[in-house]
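Data first, discussion second: the structure below is written as structure tokens.
The values are calculated or read from the model by the stated rules, or taken from the named source; none is laboratory data. These numbers were taken from a predicted model, which means no experiment stands behind them. All Cβ positions, glycine included, derive from the backbone under ideal geometry; neighbour counts span all protein chains shown. The area values use the complete protein model at the heavy-atom level, side chains included, leaving out ligands, DNA and RNA. Shrake-Rupley method; radii C 1.70, N 1.55, O 1.52, S 1.80 Å.
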Amino acid sequence: MPSANRQAVIILGMHRSGTSAVAGATVRLGLGPPLTPLPAAVDNPGGFYESRLVVHINHHLLRAAGCAWNLSLTFDPDCIEPMLQPSDRETIAQTLEREFGTSPAFVLKDPRLCLTLPAWLPPLRAAGIVPSVLIVVRHPAEVVRSLLRRNQFPERETAPQWLQHMLEAEWLSRGLNRAVVFYDDLMHDWRGCLGRAGERAGIAWPRPIDEAGAEIDAFLSGSARHHAVAATSAFVGPPGIGDMVNAVWSTLRYLSEDPDSSVALACLDHVRGQFATWRKEVLPPGLRVVFSDS
């Protein structure tokens, strides 16, 4: 009999946004990690805290729609539910059971979940697992520079991807217990940042913050942070995108301080509509990048 007391803390955010730093900190606060995590890499020596199987499923879902994590501007998350086969649903349910067993609280993390979350929520709920969401936000210019260094993807391609991932993460998580976590805040004062996030998202950290303090201090101090920029504005990307990116960056900051702000939600809805029009009518043909599994 499934227990309604189990909890999945779902970490959403664009690639290279500090989601691994947040995930690593939450694991040290007592959340269960996946059984088969991706190994650490040169670009992320502290580890990803992502399940190999979860990443594989999300990759499969995007591929089935003719997309990939870096080729997703034509992707609509509403298409996921209709295209799921019974075997897909069973695979997702089995993956959750295999990777997280009976852990009372665990971390479910993969940046692709910003787009594929609708495939995961029904199996979680069917298993009696309550989802809470942490939306991780990093300045888009830092993300752009990081992806340029790692993947050689130019700003005109990655800025719209940042915008899409953040808009969909916010939209798809509405109605769930959630909190917006800024990477800057995490690195400046992770205790206050995750303390507030836990309260807002309904997460009772299994391990007290004070007890985990030294361990998380050491973990985050080892996080290599490059490409830091001033965070006063975020006009990043090609014409027509920069204003939208800046609006979302600013509004998410507002939402992190006032999670129930109707003004912030209305602003995000407005930008989401603008972005949908841009994707449909303005998206330059050159913004088609190569498939990458990174």
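Tabulated data
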quantity: Filter result (over 25 Å from Cys79 (Cβ atoms) and open to solvent by 10 Å² or more (accessible area, probe 1.4 Å)) within segment 120-138; calculated: Gly128, Val130, Arg138
quantity: Test for Leu117: is it open to solvent by 10 Å² or more (accessible area, probe 1.4 Å), in contact (Cβ under 8 Å) with a residue 40 or more places away in the chain, of a type in the set (A, V, I, L, M, F, W, C) and closer than 18 Å to Met166 by Cα; calculated: no
quantity: Residues of segment 161-190 satisfying the condition of being open to solvent by less than 10 Å² (accessible area, probe 1.4 Å) and more than 19 Å from Ser132 (Cα to Cα); calculated: Trp162, Leu163, Gln164
quantity: Qualifying residue in segment 35-57 (condition: over 30 Å from Thr158 (Cα atoms) and either in contact with a strand residue (DSSP E or B) (Cβ under 9 Å, 6 or more places away or on another chain) or modelled with pLDDT under 90 (or both)); calculated: yes
quantity: Cβ-Cβ under 9 Å pairs, at least 6 apart or on other chains, segment 16-33 side open to solvent by less than 10 Å² (accessible area, probe 1.4 Å), far side assigned to a helix (DSSP H, G or I) and among the β-branched types (Val, Ile, Thr); calculated: Ser17/Val143; Gly24/Ile216; Ala25/Ile216; Leu29/Ile209; Leu29/Ile216
quantity: Residue that is farthest from Leu283 (Cα to Cα), among those in segment 232-253 that are modelled with pLDDT under 95 and surrounded by fewer than 15 Cβ atoms within 10 Å (Cβ to Cβ); calculated: Thr232
